[in-house]
Amino acid sequence: MLIQSLNAEQMGVLRDRRSRLAARINFPVLLWSGATPSRNFPANKYPFRASSHFLFFAGLPIPHAVIRIDGGKLTLFVDDPTPSAALWHGPSPDREAIAAAMGADAAFPLAELPNHAAGAATIAVQHPGTVQAQSYLLGRSLPPAHQIQALDPIDGKLVQALVALRSCHDGDSIAEMRRAAAVSVAAHKAGMAATATATTEAQIRAAMEAVLLSHNMTPAYNSIVTVHGEVLHNEASHHPLAAQDLVLADVGAETGLGWAADITRTWPVSGRFSAGQRSLYSVVLAAHDACIAAIQPGVEYREIHLLACRILAEGLVDLGILQGKPEDLVEQDAHALFFPHGVGHLLGLDVHDMEDLGDAAGYAPGRVRSDRFGLGYLRLDRPLETGMVVTIEPGFYQVPAILENVEFRAKYNHCVNWERLAKFGDVRGIRIEDDVQVTATGAEVLTAALPTRIDAIEASLAGA
Ligand code: GLY
């Protein structure tokens, strides 16, 4: 286990986060980092990813560790490395070195944990074996953290405190997200550059992920690099590229300290958008640009989503694909035939930040998901606040599971000109996604260095 040390400024940021937690709660908190699941036999592990709540306060991704935070003080519980670890994994820092690297106030072996667990709140991590250990230590069953109503009251209070602290980012988090964004932008440029000679999706994906790895970062989520953009989370990369295809690349980096970027671009394999691709891309881009322009503190994110829906509906009416008044089409959710997801989500340590807590972070208190076709996948429904980072990612998709669905066809038949739609057969999926920081006066696009305009994308593909 090799770790980096945090500098004095970073340790100060962590201390500040712990003090802000102390100001919100009056009980101790235990946060587990988690452990690495094995693949096909115990020693063959998936890469370790620490719990984001642990990372937020501890700063460093230490496996098999627990932190206790009480009154702003941090105590680390972790065991010293075993002798065999040195053989297989090289020299590893001991407990005192790790404690010093993260600025802990005290450190103990894990065996001491039961003496410090009384009255503590926690959050269940994603690793099932660790959840068992959490539950055993605290003497109560721990439901998954997204089952908010089922949580022990003290854990529910911790969830509220975490949401309050993690929703708006401090300067250190923003700096980390800028690093992730810069590397992700470079990855997308490399993907565009690789397209001229690539023959499969996998070759473009490899060029993009190579950039992440060369900066010692990892993908923040499974990369989507596909000519089948209509499959919203298409993680397969085996398709060959055809000249008339659009590549949809949704690839974002995660820094070593866990902070994410999330970018999508869509570009033509041939280097030039066809007339139909150009028209639909322009509609999606208009929605993207209008949403970003509308971002400022106090604005309801749901309104940003509905703005995207209206602009998409207007554009599709102008192209003759939808028929009717755009506002009526949105009211009926007809736009969702082609844009079935929400316009974005919170971004931070998780690509969908704090989604382990269900909708506790994404939805303002008292709000619940709509059962409307056009709103049900909206992941964020609360007023924007200075310091939040959100994605803006409108899209247009021809999803067979929607467009060939008998009920949808019957319900929306009068809204869709199917003959006209057939003229856009070379557009399966378009998404344009950027990461946007809400500032006191509006918004800053953290991923602005990556072009979105058609001429700039074509120039990038031509190697300009
Ligand atoms: N970019 C991947 C996602 O938002 O799920």
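The values are calculated or read from the model by the stated rules, or taken from the named source; none is laboratory data. Keep in mind the model is a prediction, meaning the values are calculated, not measured. Because the Cβ atoms are built from the backbone with ideal geometry, glycine has one as well, and the counts that use them run over all protein chains shown. Please note that ligands, DNA and RNA were not included when accessible areas were found on the heavy atoms of the full protein model with its side chains. Shrake-Rupley method; radii C 1.70, N 1.55, O 1.52, S 1.80 Å.
The table that follows gives values for the structure above.
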{"read-out": "Residues satisfying the stated conditions in region 4-32, i.e. more than 18 Å from Thr75 (Cβ to Cβ) and in a loop (DSSP other than H, G, I, E, B)", "value": "Gln4, Ser5, Asn7, Ala23, Arg24"}
{"read-out": "Region 78-123, residues that are closer than 15 Å to Leu138 by Cα, open to solvent by less than 50 Å² (accessible area, probe 1.4 Å) and either modelled with pLDDT under 95 or of a type in the set (A, V, I, L, M, F, W, C) (or both)", "value": "Leu113, Ala117, Ala120, Ala121, Ile123"}
{"read-out": "Some residue of region 345-352 being in contact (Cβ under 8 Å) with a residue 12 or more places away in the chain and away from the ligand (no atom under 16 Å from the Cβ)", "value": "no"}
{"read-out": "From the options Ala210, Ala249, Ala260, Ala206, residue that is within 14 Å of the ligand (Cβ to nearest atom), at pLDDT 95 or above, of a type outside the set (Ser, Thr, Tyr) and more than 24 Å from Leu316 (Cβ to Cβ)", "value": "Ala260"}
{"read-out": "Top-ranked residue in region 213-232 [being in a loop (DSSP other than H, G, I, E, B) and more than 20 Å from Thr255 (Cα to Cα); ranked as farthest from the ligand (Cβ to nearest atom)]", "value": "Val227"}
{"read-out": "Breaking point among (1) open to solvent by 10 Å² or more (accessible area, probe 1.4 Å); (2) touching a residue at least 24 places away in the same chain (Cβ under 8 Å); (3) in contact with a His (Cβ under 7 Å, 6 or more places away or on another chain), for Gln244", "value": "(3)"}
{"read-out": "Ala161, sole failed condition from (1) farther than 14 Å from His53 by Cβ; (2) open to solvent by less than 30 Å² (accessible area, probe 1.4 Å); (3) in the same structural domain as Ile25 (by TED's automatic domain parsing); (4) among the small types (Gly, Ala, Ser)", "value": "(1)"}
{"read-out": "Answer from Gln126, Gln149, Gln134 - the residue that is open to solvent by 70 Å² or more (accessible area, probe 1.4 Å), in a helix (DSSP H, G or I) and not assigned by TED's automatic domain parsing to the domain that holds Tyr363", "value": "Gln149"}
